[in-house]
Amino acid sequence: MSESRTVVSVRFGKSEKTYDYFADFPVEVGQIVRAETRNGWTKVEVVDVKSESDRAKQSVQPNVETEPVEEEAR
């Protein structure tokens, strides 16, 4: 039997419907991650973390954004 993978339920925008994806990195409820859809990658919100799902088929990716660096006041 294979190792279990972390599963996350995510919400697209303000929709009430959730979708299950695998997460191969540490993730928390409320975190913004990226999910692949038929229209490309999009940001989604993690609304639940669970140990199994029969609906998860794809994996989410971390949402890696660079924050603008503010210059120190002189």
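The values are calculated or read from the model by the stated rules, or taken from the named source; none is laboratory data. This structure is a prediction, so every number in the text was calculated from the model and none was measured. For neighbour counting, all protein chains shown are included, and Cβ atoms are generated from backbone atoms with ideal geometry for every residue, glycine included.
All but one of (1) modelled with pLDDT under 95; (2) in contact with an Asp or Glu (Cβ under 7 Å, 6 or more places away or on another chain) hold for S51; which doesn't?
(2)
In segment 1-48, what residues are basic (K, R) and within 15 Å of S59 (Cα to Cα)?
Those that are basic (K, R) and within 15 Å of S59 (Cα to Cα): R5, R11, R34, R38, K43.
What's the total number of residues in segment 12-57 that are in a loop (DSSP other than H, G, I, E, B), free of Cβ contacts under 8 Å to residues at least 40 places away in the same chain and surrounded by 16 or more Cβ atoms within 10 Å (Cβ to Cβ)?
Number satisfying all stated conditions: 2.
Just to be sure, is R38 among the basic types (K, R), at negative phi, in contact with a strand residue (DSSP E or B) (Cβ under 6 Å, 6 or more places away or on another chain) and at pLDDT below 95?
So R38 does not fit the description; no.
Of everything in segment 58-70, what is more than 16 Å from S4 (Cβ to Cβ) and assigned to a strand (DSSP E or B)? Give them in sequence order.
Q61, P62
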